[in-house]
1. Pull out a ≥ b ≥ c, the square roots of the eigenvalues of the alpha-carbon gyration tensor of the stretch 1-136, then state rounded if a/c is under 1.5, prolate if not and a/b is larger than b/c, and oblate in the remaining case.
2. Would you order 52, 252 from fewest to most other beta-carbon atoms within 10 Å of each residue's own beta-carbon?
3. When the label point is put 7 Å from the Cα of residue 114 along its Cα-to-beta-carbon vector, which residues of the stretch 133-166 have a backbone N closer than 19 Å?
4. Mind sorting 186, 28 by how few other Cβ atoms lie within 10 Å of their own Cβ, fewest first?
5. If neighbour count is taken as other Cβ atoms inside 10 Å, put 91, 139 in order from fewest to most.
6. Write down the radius of gyration of the stretch 124-174 and its Dmax, each obtained from C-alpha positions, in Å.
7. Give me the number: length gained by fully extending residue 79 to residue 255, i.e. 0.36 nm times residue separation minus the C-alpha to C-alpha distance, one decimal in nm.
8. Is the shape of the stretch 66-170 best called rounded, prolate or oblate, per the rule: a/c under 1.5 gives rounded, else a/b larger than b/c gives prolate, else oblate, with a ≥ b ≥ c the square roots of the Cα gyration tensor eigenvalues?
């Protein structure tokens, strides 16, 4: 079986959860935040707490879709000396002990383009596969321009994940469905990450419309801050994605509290989702 026909870790994970009647818990953390070297240990802690997939933010100086909390985390990670090369090293380190939990890199086109400029054509795709990355979500990569990139990732058994928003048209959903694999990330709020109050009823009404066009799992993120909201979203979505709340939780915490706080929070979320 060629790599592009083989099931990736993301699809395997969602298939397994579907058979168990469970929704995926996908925590997001900015790589290198709040401390440069803590990321692999933090990833292991998240898995122990019940994370099914991990989204790892690639720090970037101009993250237009991110709210102030995640922007600040990115600035801190950059100040800690973390770039895309370092992020891939974290994934590689995580893979020494965990071969099953999917890891998705979330970020912007600029660091990927710069990586290829520095390391050679297709260096990012090759090095990400080598490190053990399973999916890539490039916020500013529109589906109509991504066909070639998606094919290169699929050839290495990696998925290209896209965002859909409350403002996405059926045409946009169809365009995304043509190139996306793994899962689609539904941004449940208009605006940046961490903004506003979540209207779970509006999210529930939107998902069937997305599923008319998108046949892969649909995860919901932006605005999920507590176990109760996560449990509500889990009833009708394939995945619950939590980022801003975790970043806030870790802000100004000493090194030794980072992992216990994250584990404690995610355990509570997973328990509510499974209740």
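Read the figures in this text as sums done on the coordinates, not as results from a lab. Since the structure is predicted, the reported quantities are computational estimates derived from the model, not experimental observations. Quick reminder, even Gly has a Cβ in these numbers, built from the backbone with ideal geometry, and neighbours come from all protein chains shown.
1. On the way: a/c = 1.78, a/b = 1.27, b/c = 1.40.
The shape class here is oblate.
2. Details: 52 23, 252 7.
Going from least to most buried by this count: 252, 52.
3. Once the point is set 7 Å along Cα→Cβ of residue 114, 137-141 turn out to lie under 19 Å by backbone N, inside the stretch 133-166.
4. Details: 186 26, 28 23.
Exposure proxy ranking, most exposed first: 28, 186.
5. Numbers: 91 23, 139 17.
Going from least to most buried by this count: 139, 91.
6. 12.2, 36
7. Values: separation 176, 0.36 × 176 = 63.36 nm, distance 1.66 nm.
That pair, residue 79 and residue 255, stretches by 61.7 nm at full extension.
8. Working: a/c = 1.42, a/b = 1.10, b/c = 1.29.
In terms of gyration-tensor shape, rounded.
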